[in-house]
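Reviewing the structure listed below.
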Amino acid sequence: MSASKLELEQFRTEVSAWIADNKPGNPGFLLPQTFMEVGNEQQLEFLREWQYKLWSAGYLGMAWPKEYGGGGVSPAFQRIADQEMRRHHTPIAFNVIGLGWAGPLINDIGTEEEKEKYLKRILSAEDIWCQGFSEPDNGSDLGNAQCRAMRDGDEYVVNGTKIWTTMGNFADHMILLARTAPQTERKYDGLTFFLAPMRIPGIDPRPIQKLTGEYGFTETFFTDARIPASSVIGGEGNGWKVAMQTLQYERGAASGAAGGLNAVHTSAGEMIESLRGVQRDGRPILEDPEVRDELVQTLIREKSIALGDRRVHISALNADYPYSLPLSRKLRFTEHSRAMRKLAVGLQGNHGALYVGDDDVIDGGFWQRSYLNSFSATIGGGTSQVQANIIAERVLGLPKD
């Protein structure tokens, strides 16, 4: 159901006022910049409470069906709510794998029973989800997944290892891609997709410490873990197809996400403001013509991404290459974000070598921490190199070889 311009304007005023009144203050401890840095119970409970409050007010899952905890309204309302969250710099909606990937998948292909079981609890943050795709020995070769799930009556027995299972140590469920038929002519044919429980014997998620000192990722070990056969979604042997659909949500190429911020968003304008006190050779660095040129190029890239996001919703402007913007957005945005943060740190001069906790660090070390954390986004959902191949093949029509 579409909404009028007046309705959307009134809604923007409403949600902006609500956020201004309800946005939590500084908790007194370091909050994650993305959902990939939720590392302790203190952060988790703070963010769980915020997500529950956001959903209870009606500003999360607005386009999901009402009968499963959503709002049942036009996605345009959720886009406005997300824009206002970004403008007010609210905390993240941390349950991203549920809100952005598992939830849309269940909405699209799940049974009524699965929708009733999972969707509302994803929105309310009662259930946390993680992802079991990547494996230590296979890099970006997802089709070569070796984690085994062998049928035994009404259960599957799972053995193997998954890595980069974000928040796996807190999760209640995992979207799991596992091999159920080891001997197949095509490796993709032997995979099955599960909505797997995590809190059962035989599953051991071990947190991984990052260069920043933070956690968030885990490596998850399965040792004769028994999951119900009813956990299969999409049918046995169809896991590759379901996984590819899930990655479309993760990469932003398919709609259906519940909304909320999955990361702390910063603009080039905010970066420029952070540099106003920085000097080079006794003069403000912002007066340097080469620096100004770099900053203008950054502003142009940022604006082009924003305009591309608007253009996606206007079909007449996407006729020539209808999938070019959705399929390239993840690559363009994550690489721009990483480059902008690298520029911010580099332009700080000697202060760029400082970090969170140092007395003289600029903006509390935000840009240093943000730069180091930005690499995870260029890897998750398919590395930038994989994304470039996808664009070459699916948009430009270039051959795989």
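The values are calculated or read from the model by the stated rules, or taken from the named source; none is laboratory data. Computed from a predicted structure; not experimentally measured. In this analysis, Cβ positions are derived from the backbone assuming ideal geometry, glycine residues included, and neighbour counts consider all displayed protein chains.
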Could you say which residue among GLY70, GLY25 is closer than 16 Å to ASP127 by Cα, in a loop (DSSP other than H, G, I, E, B) and either at pLDDT below 95 or not aromatic (Phe, Trp, Tyr) (or both)? GLY70
Residue in the stretch 244-262 that is in a helix (DSSP H, G or I) and farther than 30 Å from ASP141 by Cα present: no
Any chance ASP172 is among the charged types (D, E, K, R) and touching a residue at least 40 places away in the same chain (Cβ under 8 Å): yes
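Matching residues to (1) β-branched (Val, Ile, Thr); (2) in contact (Cβ under 8 Å) with a residue 24 or more places away in the chain; (3) in a helix (DSSP H, G or I):
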| site | (1), (2), (3) |
| --- | --- |
| MET340 | no, yes, yes |
| VAL345 | yes, yes, yes |
| GLY352 | no, no, yes |
| TYR355 | no, no, no |
| ASP358 | no, no, no |
| GLY365 | no, no, yes |
| ARG369 | no, yes, yes |
| ASN373 | no, yes, yes |
| GLN387 | no, yes, yes |
What are the pairs with Cβ atoms under 9 angstrom where one residue, in the stretch 92-108, is more than 23 Å from HIS265 (Cα to Cα) and the other, located anywhere, is of a type in the set (D, E, K, R)? Sequence gap at least six, or different chains. ILE106/GLU114; ILE106/LYS115; ILE106/LYS117; ASN107/LYS115
Residue that is surrounded by the fewest Cβ atoms within 10 Å (Cβ to Cβ) [pool: residues in the stretch 263-283 that are of a type outside the set (A, V, I, L, M, F, W, C) and outside any loop (DSSP other than H, G, I, E, B)]: ARG283
Looking at the stretch 300-317, which of its residues are modelled with pLDDT under 85 and crowded, with 16+ Cβ neighbours inside 10 Å? VAL312
Looking for something farther than 23 Å from MET62 by Cβ, in contact with a Lys or Arg (Cβ under 7 Å, 6 or more places away or on another chain) and either free of Cβ contacts under 8 Å to residues at least 12 places away in the same chain or in the same structural domain as GLY352 (by TED's automatic domain parsing) (or both) - is there at least one such residue anywhere in the stretch 295-303? no
Given the conditions (1) at pLDDT 95 or above; (2) assigned to a loop (DSSP other than H, G, I, E, B); (3) not β-branched (Val, Ile, Thr), and given that GLY139 satisfies all but one, which numbered condition is not satisfied? (1)
Among the residues of the stretch 318-329, is any in a helix (DSSP H, G or I), without any contact (Cβ under 8 Å) to a residue 40 or more places away in the chain, closer than 27 Å to ILE80 by Cα and not small (Gly, Ala, Ser)? yes
Take the residues in the stretch 213-235 that are more than 19 Å from the chain's Cα centre (by Cα) and closer than 30 Å to LEU30 by Cβ, then tell me which one is surrounded by the fewest Cβ atoms within 10 Å (Cβ to Cβ). GLY213
One residue is enough: does the stretch 152-174 have a residue meeting the conditions touching a Phe, Trp or Tyr at 6+ places or on another chain (Cβ under 9 Å), hydrophobic (A, V, I, L, M, F, W, C), assigned to a loop (DSSP other than H, G, I, E, B) and on the phi < 0 side of the Ramachandran plot? yes
Among (1) modelled with pLDDT under 95; (2) over 21 Å from the mean Cα position of the chain (by Cα); (3) closer than 25 Å to LYS120 by Cα; (4) assigned to a helix (DSSP H, G or I) - the single one LEU6 does not satisfy: (3)
On the basis of being small (Gly, Ala, Ser) and more than 25 Å from GLU126 (Cβ to Cβ), does GLY139 make the cut? yes
Search result, residues across the stretch 48-60 that are over 22 Å from PHE170 (Cα atoms) and crowded, with 22+ Cβ neighbours inside 10 Å: TYR59
Pairs with Cβ under 6 Å, 6+ apart, first in the stretch 180-198 and farther than 24 Å from ASN107 by Cβ and outside the structural domain of GLU113 (by TED's automatic domain parsing), second modelled with pLDDT under 85 and surrounded by fewer than 16 Cβ atoms within 10 Å (Cβ to Cβ): GLY190/THR184
